[in-house]
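Some notes on the structure that comes next.
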Amino acid sequence: MADPLRLEELDIIGYANVLDETMLPSIVPPVFQMRSERNRNFLPPYLLNDRCLWNATEVTESEIRDLQAADEISLFQEPFPAQVDFELFVDLEFRPCYKLAGTARVELTAIADSSIIEADNAFRRGAFDEADRLAGIAISADYRKVTPLVIKAAVRRVRKDIDGERLMEVLAKPFVDELLFRQMVDLTCEESPLAAVPRKMPASACSPMHGMACMR
């Protein structure tokens, strides 16, 4: 087992992922570099504990560049110091944000909550692509929230995508009972403009003159 590395001795030079706009915002695992030895770089999987980095995979500067070229990692233009109890995430504008874990969680939850409201409003007015996109943002910001999965499932039901709706139900399983999830989707679909279209009533029920011709 490699010796632990103190975070105070490390910089963050990037993160071990490559994101597109559909994956934002996103918490990402930092790529670390020894401040005093730039040829020593450290990749996940690793453990952050007791102010140290444990069991990371060490790679050289050349290997880092190869990984970047292969779209395996993303590198920053300038490194910045690693800090204890901080979280790295990429916001909706692709900006890296490195903040205390509690602060990061609050900000991401706020993004999730506002995106849920916007997604719900979009669904209600029939903007299903927009509702689906905004629900995706909410899930990226806070995967524990069930409502964006409900909205995504409702979008798929409206589009008669049975497999897609079922997938949302499976993803929600760790957080909510299946029956309750379906009931939530039912309620959401009732807000769809498609659900608001009046059903065609039988002629006998909707026209007081129905049948009069045959009585003449």
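Any residue in the stretch 89-97 that is crowded, with 19+ Cβ neighbours inside 10 Å, among the hydrophobic types (A, V, I, L, M, F, W, C) and within 21 Å of G136 (Cβ to Cβ)? It would help to see each step written out before you state the result.
First pass over the stretch 89-97, keeping only residues crowded, with 19+ Cβ neighbours inside 10 Å: 89-90.
Of the ones still in play, those that are also among the hydrophobic types (A, V, I, L, M, F, W, C) are 89-90.
If we keep only those that are within 21 Å of G136 (Cβ to Cβ) as well, we get 89-90.
Yes - at least one qualifying residue is present in the stretch 89-97.
Tell me whether the stretch 47-64 contains one or more residues that are assigned to a helix (DSSP H, G or I) and buried (at least 19 other Cβ atoms within 10 Å of the Cβ).
Taking the stretch 47-64 as the starting set, the residues that turn out to be assigned to a helix (DSSP H, G or I) are 61-64.
Cutting the leftovers down to buried (at least 19 other Cβ atoms within 10 Å of the Cβ) gives us 64.
Yes; the residues of the stretch 47-64 include at least one that is assigned to a helix (DSSP H, G or I) and buried (at least 19 other Cβ atoms within 10 Å of the Cβ).
Go through the stretch 100-156 residue by residue and tally those that are in contact (Cβ under 8 Å) with a residue 60 or more places away in the chain, among the basic types (K, R) and not in a helix (DSSP H, G or I).
1
Output the residues belonging to the stretch 157-196 that are of a type in the set (F, W, Y) and assigned to a helix (DSSP H, G or I). So that I can check it myself, show each step before the final result.
The first filter runs over the stretch 157-196 and keeps only residues of a type in the set (F, W, Y), leaving 175, 181.
The one that is of a type in the set (F, W, Y) and assigned to a helix (DSSP H, G or I): F181.
Across the stretch 159-177, what is the total count of residues that are surrounded by 11 or more Cβ atoms within 10 Å (Cβ to Cβ) and either outside the structural domain of D120 (by TED's automatic domain parsing) or more than 21 Å from the chain's Cα centre (by Cα) (or both)?
1
Between D85, D120, which is surrounded by fewer than 19 Cβ atoms within 10 Å (Cβ to Cβ), of a type outside the set (A, V, I, L, M) and at pLDDT 95 or above?
Working: D120 fails: surrounded by fewer than 19 Cβ atoms within 10 Å (Cβ to Cβ).
Going through D85, D120 in turn, the sole match is D85.
The values are calculated or read from the model by the stated rules, or taken from the named source; none is laboratory data. Note that the structure is predicted; figures quoted are calculated from it, not measured. Using ideal geometry, Cβ is built from the backbone for each residue, glycine included, and neighbour counts are taken over all protein chains shown.
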